[in-house]
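All of the numbers you see were taken from the coordinates with simple rules; none came from a lab. Quantities reported herein were computed from a predicted structural model and do not represent experimental measurements. Don't worry about glycine lacking a Cβ; one is built from the backbone with ideal geometry, like all the others, and counts go over all protein chains shown.
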Amino acid sequence: MERAENNLSRIAYFGIAGLCSLFVAVGLCRFSYTPLVPAMIQQGWLTKVSASYLGTIHFLGYLLGALSAHRITKYIPAHRLLRWSFLLSVAGLGMCSVNWGFAWLSVGRLTVGATGAILTIITPSVVWRHVPSIYKTRVMGIVISGVSFGVITSGLLLPFLVQISLLVAWLGSAFIALLATIIAWSAFSDREATVEVGIPLSSPTKINHRAVTLVCIAYGIGCIGFIAFSIFLSDYVHQQLHLSILASGLFLGIFGLGGLVGSYASGWIADKTSPHHVLVASFGVTFITIGTLLIHPYFYLYILTTFLMGSCIQSVVTLTSTRMLELGGAENHTLLWGRATLSFSIAQFVSAYVMSLLLAHGADYRDCFVLADVTALMAMVMVFYAK
């Protein structure tokens, strides 16, 4: 009985450590920048053009990290790579607290982009080593929920800190990342490879390449909806509902709350049914949700669609990682999850650029959401046939 309780506590700790990893990788490394851009422009750190370029540099860093993560693990143990990525993420966020020119800020954003991708790719496979199959999707839901916690933190806390100064806001994000690093540090230690959880994780010995390819493509094009929501949501709501900028910004918090619910709910449902079926359903609900957003500007309808979209996006991330485990086994999870993340990062970079071109040539936000809706439907069909 005592041994079983110890195993459950250990499993829970690895889930929390993974949560901290994604909290830093996406919630802080990526989303801490968004609420601070207006102040950086207003105080002369950046222009609108250079702010856009700095955001692109972050995506470039993420792409480089996604390309190199699996290769680096051949030379550096995964747990040690995670520790270094945590520390470099803290350092990169700290660099952004000082205005020593665009080149300096670019190095900081490039760093957190690369380390964010590495943390995102490597963390799930390391956590899987300590989780028996009966808990796999629920624990992954806990890990992925770190993204939502990070979005909520960046969206609600940093706007208040920036009222003090940009220095305080950026150092605040670095300090929060440091606290998350301290919490997760022991999980990613030299002893992690020898930890056992009692119930072995069964894995197929042969990779289902066809299904993996379809899921990776679907995961990539499905991110277009994520880009549209994460970049344009607040301003779209501001224009459609004529709300204040502060009130429109609170929709990011609703989006993060939906993601928090989706991370746990999708894991629980998938463990009771099938990750494949729930992943198909998540893309289906995404398609319906984006379409609903385009119908009519009702306040409560927008709240509901924002909540559901946040839930679906986090569900897709959780379930895609789980499907990579099912289709390739634990020993191939880092490689396959890396491919999915690479697909996501390439589509993320390209779709952000394409949407910017559309807006620059007379399109509006609704056109971007229509594009996102079409790709969500395509992703659902691809995942359906990825068996």
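In nm, give the distance between the simple-model label positions of His361 and His296, each being 7 Å from the Cα along the Cα-to-Cβ direction.
Each label point lies 7 Å from its Cα, and together they span 3.4 nm.
On a full-extension model of 0.36 nm per residue, what is the gain between Leu241 and Ile182, subtracting their alpha-carbon distance, rounded to one decimal in nm?
Using 0.36 nm per residue and subtracting the Cα-Cα distance, I get 17.0 nm.
Can you compute 3J(HN,Hα) from phi for each residue in the range 317-328, using the Karplus curve 6.51 cos²θ - 1.76 cosθ + 1.60 with θ = phi - 60°, rounded to whole Hz and x for Gly and Pro?
Couplings: 5, 4, 6, 5, 4, 5, 5, 4, 5, 5, 7, x Hz.
Residue-wise, which Karplus ³J(HN,Hα) couplings in Hz belong to the range 371-387, taking 6.51 cos²θ - 1.76 cosθ + 1.60, θ = phi - 60°, and x for glycine or proline?
Karplus values, whole Hz, x for Gly and Pro: 4, 5, 5, 5, 5, 5, 5, 4, 5, 4, 5, 4, 5, 4, 8, 8, 10.
Working from the pairwise distances between different alpha carbons, so that the mean of 1/r is found and then inverted, what is the range 2-194's Kirkwood radius in Å?
Numbers: mean 1/r = 0.0591 Å⁻¹.
Result for the range 2-194, one decimal place: 16.9 Å.
Place a point 7 Å from Cα of Leu64 in the direction of its Cβ. Which residues in the range 324-355 have their backbone N less than 20 Å from it?
Output list for this probe position: 338-339, 341-353.
Run lengths n ≥ 4 of DSSP H only: what is the helix-derived mean residue ellipticity at 222 nm for the chain, with -39500 (n - 2.57) per run over all residues, to the nearest 500?
Values: 14 runs with 299 residues, N = 387.
Result for the chain: -27000 deg cm²/dmol, rounded to the nearest 500.
When the chain is treated as a GNM, springs tying every alpha-carbon pair under 10 Å, which of Thr47, Thr120, Thr34 comes out with the largest mean-square fluctuation?
Per the Cα network of the chain with a 10 Å cutoff, Thr47 tops the list.
Take the alpha carbon atoms of the range 209-384, find their radius of gyration, then divide it by 2.2 N^0.38 Å using N residues; give the quotient. Mind dumping the intermediate values first?
On the way: Rg = 16.1 Å, N = 176, 2.2 N^0.38 = 15.7 Å.
That ratio works out to 1.02.
Provide, for the chain, the number of lysine pairs with alpha carbons under 24 Å apart, each pair being eight or more places apart or on different chains.
Values: Lys74/Lys206; Lys136/Lys206; Lys136/Lys272; Lys136/Lys387; Lys206/Lys387; Lys272/Lys387.
The result is 6.
Output ³J(HN,Hα) for the range 342-357: one whole-Hz value per residue in order, computed from phi by the Karplus curve 6.51 cos²θ - 1.76 cosθ + 1.60 with θ = phi - 60°, and x for Gly and Pro.
For the range 342-357, the Karplus curve yields 5, 4, 4, 5, 5, 5, 4, 5, 5, 5, 4, 5, 5, 5, 4, 5 Hz.
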